[in-house]
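The values are calculated or read from the model by the stated rules, or taken from the named source; none is laboratory data. Since the structure is predicted, the reported quantities are computational estimates derived from the model, not experimental observations. No Cβ is skipped: glycine too gets one built from the backbone with ideal geometry, and neighbour counts run over all protein chains shown. Calculation scope for accessible area: heavy atoms of the full protein, side chains included, ligands and nucleic acids excluded. Shrake-Rupley method; radii C 1.70, N 1.55, O 1.52, S 1.80 Å.
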Amino acid sequence: MLRMEIALFLVLAFVANTYYSAEKKFTQLHRTFSMLLMVVLLHLVFDGITVYTVNHLDTVPVFLNNTFHRLFIGTMILIFFLFYQYIAILVEEETGKPRRLDLSAGVYLVIAELGNMLLPIHYAVTPQGNYSDGIHVVFCYISVAFYFLLGTGLLLFNWRSIRKKEKMAILFACAVELIGTTLQAINHTWLISGLGITLITLAFYVILENPDILRAELTEQKMSMLYLKSQVNPHFLYNTLDTIRIQAQLNGDKQVAELLMHLVDFFRLSVKVDRPMVTLDDEMELLEAYMELMCYRYPELECTYDIDPELGGMQVPNFIMQPIVENSLVHGLKNKGYRGKVEISARRTGENQMEIAVRDTGSGFEPGKKDAVDKMLRCYARQPAKLTGNSIGILNVQKRIKLLCGREYGLWYTENDTGGVTAHMLLPLMEDGT
């Protein structure tokens, strides 16, 4: 049995090395899985030690045996708590529903760990091998069952809202745990809990956390961004150049040069496709070049900025502002003859968060349109990459924010009391290199 624990440890150590050294998002979900990997590795160490000590009761001091056994059970309980946490975060991100059972799960974790430390341990000695039994083991089974039921309950109650691969990973984990626990209960000397935990961890890694999948998603999103940038409205380019031509006939060269400068700035900045993240200052420079041209084309269009200077060096996903502002113009102010105002603000909303808002005084959402937009943004992961249509810009913005910053961040819309809509983007505070 000891050889199995060593083999399992080596397999997971290789997985952990691959996972920690790969490019990944530092979201709550990934931080939970990172912690889970570390605890599982530690648990397998205690598992191997316990397999040896429990079968050498005559040579290993009782105190030492009990200590390692409590560490083995304690890390096992923590593992299943983290499995529940991972499932709960996953369900929250898929459905948008808050995690209401976290307090109960946390309180029970304290109770379970105290019980593990204080309850007496008894060992059964048999010709086939030794194992622990009694109230301590029963309490351990109850703790595992508690988190097992929490996880399966979340899955069943949110079945329709969870994607297929998430359901497959959770179902596999539940099935493995159910089979492993049943076999362990039938034959106490098998001591296969480490095998079950390793299989569950590998399932979550292969299906949900594989760095190769993340790289593929990053590539897909980069290609979507490339396409989006290549599809800058040709009418915008034509009409802008036509405006320049007419102005050249009416005025001197100064204004023509200024317009050309803004146009060149816009296209120069918009082709920085090799960088998924840029500073907010860079992103605003691109947006200002675009809005200078639009305001010149539509003299009754006004744009104002309220940007916290301290946020200028923060990293944001490349090319997220222009599609949102263009959406406000095309779907909000166009119906009003481009007469109105666009207000762009960026402010700190927490210790590690900032919000960028784009507010317009346009015509607002048509009846039923906001619900459709909300659903599209909420279920962004199920939406295929769009290459045509009115929502290509905001869908790609949502997907790139979620991918590059984490699923807890993203884009949403609200309606203004005085008319028009506001686009909100919640982003993490990340400086270059963090």
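With an 8 Å cut-off on Cα pairs and a minimum separation of 6 or more residues, tell me the relative contact order of segment 288-394 in percent. Relative contact order of segment 288-394: 27 percent. Looking only at segment 111-151, which residues have a backbone nitrogen under 18 Å from a spot 7 Å from the Cα of residue 58 in the C-beta direction? Correct set: 123-131. At 7 Å along Cα-to-Cβ for each site, give me the label-to-label distance between residue 207 and residue 102 in nm. In this crude spin-label approximation the distance works out to 2.4 nm.
Quick one: if the Förster radius is 45 Å, what FRET efficiency do residue 161 and residue 6 give, using the C-beta to C-beta distance and rounding to 0.05? Working from the Cβ atoms, E equals 0.65.
Largest accessible area first, the residues 402, 164, 341 order themselves as 164, 341, 402 under a 1.4 Å probe with ligands, DNA and RNA left out. Between residue 35 and residue 13, take the C-beta separation as r, use R0 = 22 Å, and let me know the FRET efficiency to the nearest 0.05. Once the sixth-power term is evaluated, E becomes 0.90. In this structure the amide hydrogen of residue 101, modeled in the peptide plane, comes within under 5 Å of no amide hydrogen from residues 5 or more places off or on another chain.
Extension gain for residue 187-residue 118 works out to 22.2 nm (0.36 nm per residue, less the C-alpha to C-alpha distance). The local environment of residue 302, defined by Cβ-Cβ distances under 14 Å, has a net charge of -1 under the rule Lys, Arg +1 and Asp, Glu -1. Computed from phi, the 3J(HN,Hα) profile of segment 77-85 under the Karplus parametrisation 6.51, -1.76, 1.60 (θ = phi - 60°) reads 4, 4, 4, 6, 5, 5, 4, 4, 4 Hz, with x in place of Gly and Pro.
Using only alpha carbons, build the gyration tensor for segment 34-126 and give me the equivalent ellipsoid semi-axes, biggest first, whole Å. Could you put the intermediate results ahead of the total?
Details: eigenvalues 214, 42, 14 Å².
Equivalent ellipsoid of segment 34-126: 33, 14, 8 Å, largest first.
In a fully extended conformation the segment linking residue 382 and residue 260 would gain 39.8 nm over its present Cα-Cα distance, using 0.36 nm per residue.
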